[in-house]
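Just so you know, all these numbers are worked out from the coordinates, no wet-lab data involved. A quick note: this is a predicted structure, and the numbers were derived from the prediction, not measured. All Cβ positions, even for glycine, are placed from backbone atoms using ideal geometry, and neighbour counts span all protein chains on display.
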Amino acid sequence: MAAGDWPPFAPLPPTYYLLLPTAPMLFDCHTHLTDPAFAGDLDAVLARARAAGVRWMVTNGTDGPTNRAALALAATHPEILPALGIYPVDAVANEVLASGPTLPWTQAPCDVAAELAFIDAHASAAVAIGECGLDGHWVATHLDRQREVFAALIDLALRHDRPLIVHSRRAEAEAVEMLLARGATRVDLHCFSGRFKLAQRACAAGFYCSIPATLPHHELFQKMARDLPLTSLLTETDAPYLAPVRGERNEPAHVAATVAAIAELRHLPVDEVEATLEANFCRLFRIDPPPERGR
Ligand SMILES: [Zn+2]
């Protein structure tokens with residue numbers, strides 16, 4: 001599609017909030033609602049999210065088709081916010097395809113240069129740049145090319161003044177260093193699995209860490225949820241992946257249980273945690289909070 005098919009991202013009109021309850025809004029800052037896993041019942045998934053108090057879902061593109069799908073879905077659903085990105089495996093799709101069957105899934109080709117140009121042309125319609133980053137797990141042999149694409153996306157985000165949603169599997173320290181070296185400060189480290197001290201350092205630099213719904217099964221996520229500054233935390237699902245029950249499909253409604261778990265770990269009232277997380281989300285993504293809370 002041509003540039004300009006989607007309007008620039010803008011906060012919702014104040015009338016939208018008249019429909020909302022006065023309790024703080026929950027959010028899922030990293031999800032993939034354009035995944036085929038949701039093709040049959042997305043309306044029901046969104047209804048469950050709404051019933052659980054989830055008012056914002058940032059759906060992340062990972063390649064050409066999902067970036068376009070994210071923009072199209074967000075255009076018809078005010079609660080869905082689009083992020084545009086190139087997943088690190090897609091960033092090296094052509095190299096992966098040339099090197100044989102190295103992945104447990106069938107990798108589609110990706111015209112990285114064309115996709116960078118598309119994201120550049122449509123960044124104003126996106127709330128963030130992501131998913132992007134480095135992956136030393138699936139494609140550890142193609143890190144140089146991953147670095148090039150990640151650097152290009154960081155610079156693109158800075159140019160358009162957009163936050164970054166970052167995947168950093170088995171490359172956490174390098175991803176954080178690259179972000180800091182290039183001057184990125186508006187960053188969400190999604191499903192961060194590096195050292196706790198590195199997460200602390202990233203938070204001290206102004207980054208956020210989004211806690212997945214697998215929190216009950218992961219000591220590191222529990223430590224992050226308990227010991228990182230509450231003002232540095234967000235909630236995510238990575239749906240349909242990373243379900244709290246292994247093998248099931250994940251969905252945005254599950255962030256409610258994550259918020260409750262964070263409150264329990266920190267011995268704080270749930271509504272206090274909800275309010276702080278909502279403020280974090282609005283600050284990072286520059287979303288106007290409902291007028292009655294006015295943060
Ligand atoms: Zn993801």
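With a cut-off of 11 Å between beta carbons, the residues surrounding residue 266 carry a summed charge of -2, where Lys and Arg count +1 and Asp and Glu -1.
Backbone amide hydrogens, once placed in the peptide plane, bring residue 55 within less than 5 Å of 26, 27, excluding anything fewer than 5 places away on its chain. Can you classify segment 179-229 as rounded, prolate or oblate using the Cα gyration tensor, where a ≥ b ≥ c are the square roots of its eigenvalues, rounded means a/c under 1.5, and otherwise it's prolate if a/b beats b/c and oblate if not? In terms of gyration-tensor shape, prolate. Suppose only helical runs count, i.e. DSSP H with n ≥ 4. What mean residue ellipticity at 222 nm does that imply for the chain under -39500 (n - 2.57) per run, divided by all residues and rounded to the nearest 500 deg cm²/dmol? -12000 deg cm²/dmol, from helical runs alone.
The relative contact order of segment 148-295, computed from alpha carbon pairs under 8 Å that lie at least 6 residues apart in sequence, is 17 percent. Looking at segment 139-226, the trypsin sites (Lys or Arg not before Pro) that sit in a DSSP loop and have at most 12 other Cβ atoms within 10 Å of their own Cβ are 195. Once Rg and the Kirkwood radius are both taken over the C-alpha atoms of the chain, their ratio Rg/Rh works out to 0.94. Across the chain, the relative contact order, built from alpha-carbon pairs under 8 Å that are at least six residues apart, equals 20 percent.
Dividing the radius of gyration of the alpha carbons in segment 91-191 by their Kirkwood radius gives 0.96 for Rg/Rh. Phi angles across segment 68-80 convert, under the Karplus curve 6.51 cos²θ - 1.76 cosθ + 1.60 with θ = phi - 60°, into 3J(HN,Hα) values of 5, 5, 5, 5, 5, 5, 5, 5, 10, 9, x, 7, 9 Hz, Gly and Pro given as x. Once you reduce segment 167-186 and segment 47-61 to the center of their Cα atoms, the two points are 27 Å from each other.
Residues whose amide H falls under 5 Å from that of residue 33, counting only those 5 or more places apart or on a different chain, are 60, with hydrogens built in the peptide plane. Extension gain, residue 283-residue 246: 0.36 nm per intervening residue step, less the Cα-Cα distance, totals 10.1 nm. Here the 3J(HN,Hα) profile of segment 36-46, calculated from phi with Karplus coefficients 6.51, -1.76 and 1.60 at θ = phi - 60°, is x, 4, 9, 4, x, 8, 4, 4, 5, 4, 5 Hz, Gly and Pro shown as x. The Rg/Rh ratio for segment 72-115 is 1.14, where Rg is the radius of gyration of the alpha carbons and Rh is the Kirkwood radius.
Across every direction, the projection of the convex hull enclosing the Cα atoms of segment 172-295 has a mean area of 7.8 nm². In sequence order, segment 106-112 has phi-based couplings of 7, 7, 7, x, 9, 7, 5 Hz under the Karplus curve 6.51 cos²θ - 1.76 cosθ + 1.60, θ = phi - 60°, and Gly or Pro positions carry x.
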